[in-house]
1. To the nearest 0.05, what FRET efficiency results for Asp384 and Lys26 with a Förster distance of 25 Å applied to their C-beta separation?
2. Please report, in debye to the nearest 20, how large the charge dipole of segment 46-137 is about its Cα centre when each Lys and Arg carries +1 at its beta carbon and each Asp and Glu carries -1 there.
3. With a cut-off of 20 Å, note down the residues of segment 35-73 whose backbone N falls inside the zone around a label point 7 Å from the Cα of Ser160 toward its beta carbon.
4. Please give the length that would be gained between Asp172 and Asp224 if that part of the chain were fully extended, namely 0.36 nm times their separation in residues minus their C-alpha to C-alpha distance (nm, one decimal).
5. With θ set to phi - 60° and the Karplus curve 6.51 cos²θ - 1.76 cosθ + 1.60, what are the ³J(HN,Hα) couplings of segment 360-375 in order, to the nearest whole Hz, using x for Gly and Pro?
6. Hey, quick one: spin label on Met394, modelled 7 Å out along Cα-Cβ, who in segment 434-457 has an amide N within reach, i.e. under 11 Å?
7. As an exercise, use a Förster radius of 35 Å and the Cβ-Cβ distance of Thr337 and Leu306 to find the FRET efficiency, rounded to the nearest 0.05.
8. Given +1 on the Cβ of Lys and Arg, -1 on the Cβ of Asp and Glu, and no further charges, what dipole in debye does the chain carry about its Cα centre, rounded to the nearest 20?
Amino acid sequence: MKEFMGRDFLLGSKTAEELYYGHAAKMPIFDFHCHLDPKEIYEDKKYRSLTEVWLGGDHYKWRLMREMGIPERLITGDAPDEEKFRAYASVMPYAVGNPIYAWTHLELRRFFGIEEILSPATADKIYAEANEKLKTLSARKMILESNVRTLCTTDDPADSLEYHIALQKDGDFPVRVLPAFRPDKALNIELSFFRPWLSRLEGAVGYKVDSYDKLKKALAERVDFFDRIGCVCSDHALDVVMYAPASDEELSEIFAKALKGETLSADELAEYKGNLLVYLGRLYHKKGWVQQYHIGALRNNSARNLAKLGPDTGFDAINDATFAPKLSALLSALDETDELPKTILYCLNPRDNEVLAAIINCFQGGMPGKLQFGSGWWFNDQKDGMGRQMEALMQVALISKFVGMLTDSRSFLSYTRHEYFRRILCTKLGALVENGEYPAGLDTLGEIVEDICYRNAEKFFAK
């Protein structure tokens, strides 16, 4: 029987251990998609308790707590921090096989030096020890201790980026904290927040955005602004991929209807969203940015809890809509004029792994791995999900050109997920050697591991 979370944790062979300890473990991190708050990084925030830094915005943990029947007061409510922590600890013995069990104990070990198993019996002791250690930690220190070189936050086109600018002027912090352009609110023209958001955009650009042409102008100006502040990528939540050809006149009419509050048809939404994505993609191509498409979330499933707690609180799921023809048409529209930017495609439904792994090689050219099939995302951000993504990529494309892992997290403690990913990667590649499917000499394979862990991303996101 193996030791719990021992040296060979998740490493399935001696070859995997050699790859991990000889190559993967030492590599820095390029976190090209996260939800960390740049204000907290600039201010080098210190946290009052383990509850605040661990449970404050982690809907992965909240979902498990709800499933155990824990009252919302102890999850997102006004209960004292100690009570919330005890409630979370009560879930741990029952989270067998769940990635959160592994992440929880990795974070306790790597950031706090605590090797005890979290349970109701150990909760108070661990809480006290972690809080004492937390006095020596801060947002910046957690990033530095994780060996992060670059991280990209998630930012609205109307954001001021004041903290990114301030961080660039701060010579004491060596990590690049870059904005990432997330124009979802510009695309989701049918939702209630569109017109209030348009007012925010108008405030950012200084003029009335009352036509489709002015919307394009405003977004182009914000892309220019983000680019000046160091942005290297965009990110799009494409819950449903939509695309249909349309003229500028038709798009102007659709935009005008939306401003009047009129209901748009499914065809009109496909025309508007698809063509705005093409317009934005061309802007990204000119800047040398990477565009990221996160495909297939089914959001806000509980209307009651959306009304009570708001979005991004743990009530999203996996969609089962098919999208390959629309995605192909969208990418082809950009490729037709040779203006397809570097692109990473992520799917939330693992059924679509081979779809994305295959479609990327229809549009390659000009550089290694111009189109990427992104790492297992969200509900796939676990051992089996990561392994399935890697397997699909190996079978259909070149995993050697893969840009690897991202945290997609709101927590500074989540950088242990890179260790988790790297161990799984080394096991997956090591198994090929152990099975006689790849030569035993590790020079080339070691380089590939190092590339996937860091160097591929560093090159891919260079403008």
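Each value in this text was obtained by applying a stated rule to the coordinates, not by laboratory testing. Source: prediction; values computed, not measured. Please note: Cβ atoms are built from the backbone with ideal geometry, for glycine as well, and neighbour counts cover all protein chains shown.
1. Details: r = 27 Å, r/R0 = 1.06.
Efficiency, rounded to the nearest 0.05: 0.40.
2. On the way: 13 positive and 14 negative charges, 39 e Å.
Dipole about the Cα centre, nearest 20: 180 debye.
3. Answer for this model: 36-45.
4. On the way: separation 52, 0.36 × 52 = 18.72 nm, distance 2.70 nm.
Extra length available between Asp172 and Asp224 comes to 16.0 nm.
5. Karplus-based 3J(HN,Hα) across segment 360-375 equals 4, 7, 7, 10, 7, x, x, 6, x, x, 4, 9, 10, 9, x, 4 Hz.
6. Residues 434-438 qualify, since their backbone N sits under 11 Å from the label point.
7. Values: r = 40 Å, r/R0 = 1.14.
Computed FRET efficiency for Thr337 and Leu306: 0.30.
8. Working: 58 positive and 69 negative charges, 133 e Å.
It works out to roughly 640 debye.
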